[in-house]
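The values are calculated or read from the model by the stated rules, or taken from the named source; none is laboratory data. Treat the numbers as computed from the prediction; the structure is a model and nothing was measured. Note that each Cβ is placed from the backbone with ideal geometry, even for glycine, and that neighbours are counted across all protein chains shown. With ligands, DNA and RNA removed, areas are computed over all heavy atoms of the protein, side chains included. Shrake-Rupley method; radii C 1.70, N 1.55, O 1.52, S 1.80 Å.
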Amino acid sequence: MTGRRGMMVCMSRLWQPGSVLAARLGKRVWSCSRVGLSVQHYSTEAAPHIPGMEYQDAVCTLNTLQTNASALDEVRRVRNHPELQLQAMKGFLERAGLTVKELDHLNIIHVTGTKGKGSTCAFTEQILRSYGFRTGFYSSPHLVEVRERIRINGQPIGKDLFTKYFWQVYGRLDETKEANDGTMPAYFRFLTILAFHVFLQEKVDLAVIEVGIGGAYDCTNVVRRPWVCGISSLGIDHTQILGDTLEKIAWQKGGIFKPGVPAFTVKQPEEAMSVLRSRAKEICCPLWVCPDFEQYQANCGPLSLGLAGQHQRTNASLALQLSHTWLQRRCLPEEKYLSTRLKTTTISEAPPFTPSPNMKKGLANTEWPGRNQTIKHGEVTYFLDGAHTMRSMQACVDWFRETAAEHERNSCGPVARILLFNATGERDCAAMLKLLMPCHFDFAVFCPNITETITSCNADQLNFNVSVEHMLTRCLDNERSWRLHNRTGDTDSNPLLIEDSLSLAPDKKADTLVFPCILSALHWITQGRDPVLADPSKKVFPLKPSVNAKAAPLCNAAQIHILITGSLHLVGGALKHLVPQSA
C-alpha cells in the first residue's frame with residue numbers, strides 16, 4: 001500500500017475502535033464524563049473532603065468543560081457578538097461567589113501580546129517576588145499539569161490546594177446551573193475564575209495575569225482596574241478569532257487598556273503602533289514604548305537573564321517597566337512616575353533607569369520551562385521551545401543555531417541533529433518548517449501531541465478540542481511539507497511505523513519519520529542513550545526492523561541534539577517524560 005491515502009489507511013488501523021489506544025482513550029473520556037456527573041449538588045462552602053474526589057478527579061471534571069472539536073468549529077462560525085463574552089464572564093463570576101469589584105484588590109498587572117507575553121509575565125513576577133511580595137501568576141497553556149497555570153510565589157499550587165478550590169468553584173457553578181439555562185463556563189473561562197478565587201483566598205499582594213487570546217474580549221479582561229498593562233511583540237496568530245491583519249490584531253490587544261492606567265508596549269511595526277496609539281487615545285490610557293534593553297545597563301553594567309535568546313531582552317525591558325511602575329504606584333503613590341498627558345501624534349519612549357539589586361536578581365533568576373530551555377541527559381541534549389508563530393519560530397531558530405553550535409564545539413565526535421515538530425490550530429506549518437531548514441537536521445520527526453499510547457494518559461494532558469484523526473493528518477501534512485522543502489526522496493510515501501500494525505511501502509531512503517505519540521518518537525530518536533527514558537514502565541509499540549535500521553546515524557553519533565518545537569503542548573508532553581518530577 002503506497003502513497004498518502006495508503007498511509008492514512010495504515011495509520012487509521014492504530015486508532016480504529018477496538019485498538020488498544022482507542023480503548024484506553026475512550027475509557028478515559030467516559031470516566032471523565034462519569035466524574036462530571038457524579039459531583040452535582042455538593043455543598044462547597046466549607047470545601048469538604050469528598051471521598052474519591054482527588055486531584056485527577058478534579059482534572060477529569062475540568063476536562064468536561066472543554067469544547068469538543070466539532071462543537072468548537074460551530075462556536076467559531078457563530079462568534080458574531082464577542083462583546084457578550086465579557087458580560088457572560090461577569091455572570092459566571094457572580095455565580096461562583098465573586099464580583100468584579102473584588103478583583104480590584106488583587107493589584108493586577110495585565111499583559112497581552114503575540115510573542116513573549118508569558119516570558120514577560122515570568123520576568124515581572126520574579127522581579128516583584130524578589131522584593132518579598134507574595135505573588136499570584138496566571139498563565140496558559142500548561143505544559144505538564146493544569147495547576148501550572150495558577151502559581152503562588154512562582155510555584156504551581158499544590159494538588160491539595162487545587163482540588164480544594166476547584167470543588168468550591170465548580171460546586172457553586174454547578175448548583176446554579178439549572179437556574180441559568182444549564183450553562184457552565186468553558187475550560188479557559190473556568191480556570192480564569194478559579195485563578196481569581198485562589199488569589200483572593202490566598203491573599204496575594206499582586207497578581208500577574210496573562211491574557212489568553214487577544215485582549216478586548218478575552219475573559220481576563222473582566223478586570224476593570226489593573227495597576228499597569230503591557231503589550232509584548234505583536235504578530236499574526238489566531239486569525240480566525242482576532243482577524244487576519246496586524247491592525248486588527250493590534251486593535252484586539254489594545255482592548256486591555258483602561259482609562260488612566262499606565263500601559264507599556266515594546267517597539268512594534270508602524271501599522272500596529274498606529275492602532276495602539278489610537279486605542280490609547282480613545283480609552284484615555286497613557287502609553288509608552290519601552291527603551292532598548294542595553295539602555296538600562298549604562299550605569300550598572302551587563303544584566304544577566306535567566307531565559308536564553310536575544311529576543312528575551314525585549315521581554316525583559318517590558319518587565320522592568322511594568323514592575324517599576326507597579327512599585328512606584330504601590331510604594332510611592334504620591335509621586336508621579338511618568339506624565340499622564342496623552343500624546344496624540346507620537347508615543348513617548350519610557351525613560352530607562354538603573355535596575356535595583358532586586359530587579360537584577362529577579363531577571364537573573366527567572367525560569368520559564370519550555371521556552372528556550374536546554375536539558376542535557378548524558379549524550380543526549382534537548383532544546384525545547386514552544387514557538388508557534390513565524391516570528392517566534394525565527395527567534396527559536398536563531399537561539400538553537402547559536403546554542404547548539406556552542407554544545408557541538410565541545411563534542412568529541414560527530415553530532416546528530418534531530419527535529420521533533422508538531423503544530424496545532426490554523427498555523428502555517430509549511431512556512432514554519434521552511435524557517436527551520438537552515439538548522440540542517442539529519443532527521444525530521446513528526447508526532448501528534450499525545451504523550452504515550454500504551455499506558456493510560458494523564459488527565460492533565462487530554463485535549464478534546466481536536467480529534468485524533470485531525471492530529472494525524474497534520475503530522476502527515478507536515479512530513480510532506482518537509483520533504484518538499486528538502487526536495488529529496490518520494491514525497492508520497494512514508495518510512496514508518498509500527499511492527500504488526502502497519503503495512504507500508506518498500507523501504508526508501510528518507511530523512512522523515514512519523515510516530516503515533518511523543519514517547520515513541522523520543523525512544524526512537526535517543527536509541528536507549530537517555531537513562532531517564534529507560535524506565536521499564538514507559539512501554540512503546542515495537543518498531544519494524546527496517547525503521548530501527550534507519551537509526552544507524554544516531555547510534556554512530558557521539559551526541560544527539562534534539563530540537564522540540566512548534567507547540568507548547570508538544571513541549572509539555574516531552575517534559576512529562578524528560579523531567580518526571582514535573583509530573
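When you count the other C-beta atoms within 10 angstrom of each residue and take the mean per peptide, 162-172, 529-539, 396-406 line up highest first as 162-172, 396-406, 529-539.
Placing unit charges on C-beta atoms (Lys and Arg positive, Asp and Glu negative, everything else neutral), compute the dipole magnitude of the range 229-314 about its Cα centre in debye, rounded to 20.
Values: 8 positive and 8 negative charges, 56 e Å.
Approximately 260 debye in magnitude.
Report in % the part of the accessible area of the range 306-446 that belongs to carbon and sulfur, leaving out ligands and nucleic acids; probe 1.4 Å. Answer for the range 306-446: carbon and sulfur cover 49 percent of the accessible area. Using C-alpha pairs under 8 Å with a sequence gap of at least 6, the mean separation divided by the residue count of the range 167-255 gives a relative contact order of 23 percent.
For the range 189-310, what is the accessible area per residue in Å² when the probe is 1.4 Å? The partial results should precede the final answer.
Details: 4160 Å² over 122 residues.
Each residue of the range 189-310 exposes 34 Å² on average to a 1.4 Å probe.
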